[in-house]
Amino acid sequence: MTSHHDYAVAVAELGLPAEWQTTIVLRPRRRTLCVQVKPGGTVAILVPPSATPQRLAQFVSDHRKWITDKASTAVRRAPAHPVKTFIDGTEFELLGQRYRLELLGPGVPPPNGQPLPTVLTNGVLYARREAPERIQQAIIGLYQQTGLAWILRQGRRYELDARIQGLRYGVRDLGRRRWGIYDPRTHVVTLHWTVFGLPMHLIDYVLVHELSHAARPGGRAHGPSWQRRMHQWMPGWRQLQSELADAGRQVWIGDWTDPA
Ligand SMILES: [Zn+2]
């Protein structure tokens, strides 16, 4: 029987790019060879007992172009969310503005006298100096509050335009896969708090996307009627959708670490 080592030697001779971190996985019950490109761009080759090392090498050579394309796409699509430290000067994006964090000691009020955390037009985000998990929660709370106030202002004209009545809004954590939800049973549009760290035109896109659902165009969720509404409200929406996929991988989703 051919050993793992024999396969590894055959693959090593192909001189594949090191960043693929190619692994060979013996699969006793498989009948065919198979290549998988994992998220992040690593490569796994599944090998059935019937394959010889020569056959394996040939197979990988034949698929080299395909693997190269897939791996580069996987690298481009890998999440790259920033990890923040809660120290003075750390930057946060909120509603298209950049803010530098400034931590205030116990009892010290921010210049605008507002409850903490708060942002000022001078580009400073003031928060209370406390345990990092509490600062994180406070800043996420600020995103939620600021985001919700923005939606309430911004959503109004779409509601009027599409005669949407009694719509309510929420901002909260929607996990890793969704930016927004419209729930037809409760008639509530909810956006993820992380949306408000995106560039302004993408925040607009996420809101308008959900409002187009809330207008109840009929048909499938993203079908022709919904698309007509999107074209009307946001003619360049298809482009924004793919921009969102890119920008979304780099937006802050709450990750933090202690200062080194
Ligand atoms: Zn949708």
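Points worth noting:
- Listed peptides 204-213, 224-233, 60-69 by packing density, highest first (mean Cβ within 10 Å): 204-213, 224-233, 60-69
- Over segment 38-90 - Rg/Rh using Cα atoms and the Kirkwood inverse-distance radius: 1.31
- A simple spin-label model places the labels of Ser3 and Arg176 3.7 nm from each other, with each point 7 Å out along Cα-to-Cβ.
- Available extension along the chain between Leu46 and Asp88 is 10.2 nm, counting 0.36 nm per residue and deducting the alpha carbon span.
- Arg27 long-range amide H proximity, modeled H, under 5 Å: Val47
- DSSP beta bridges confined to segment 1-115 are antiparallel in about 65 percent of cases.
- Solution diffusion estimate, µm²/s, Stokes-Einstein, segment 159-260, Kirkwood Rh from C-alpha pairs, 20 °C, viscosity 1.002 mPa s: 148
- The alpha-carbon atoms of the chain define a convex hull whose volume equals 199 cubic angstrom per residue.
- Segment 130-184 and segment 76-111: distance between their alpha carbon centers, rounded to Å: 19
- A simple charge model with +1 on the Cβ of Lys and Arg, -1 on the Cβ of Asp and Glu and nothing else charged puts the dipole of the chain at about 1100 debye relative to its Cα centre.
- Normalised per residue, the volume of the convex hull around the Cα set of segment 1-146 (Å³): 172
- Screening the chain for whole DSSP H helices with an alpha carbon extent of at least 18 angstrom along the helix axis and a mean Kyte-Doolittle hydropathy of at least 0.0 yields 200-214.
- Relative pair counts by distance (%), Cα atoms of segment 4-77, 10 Å bins: 20, 56, 22, 2
Readers should treat all values here as calculations from the given coordinates under stated rules, not as data from a laboratory. Because the structure is a prediction, the values reported are computed rather than measured. For neighbour counting, all protein chains shown are included, and Cβ atoms are generated from backbone atoms with ideal geometry for every residue, glycine included.
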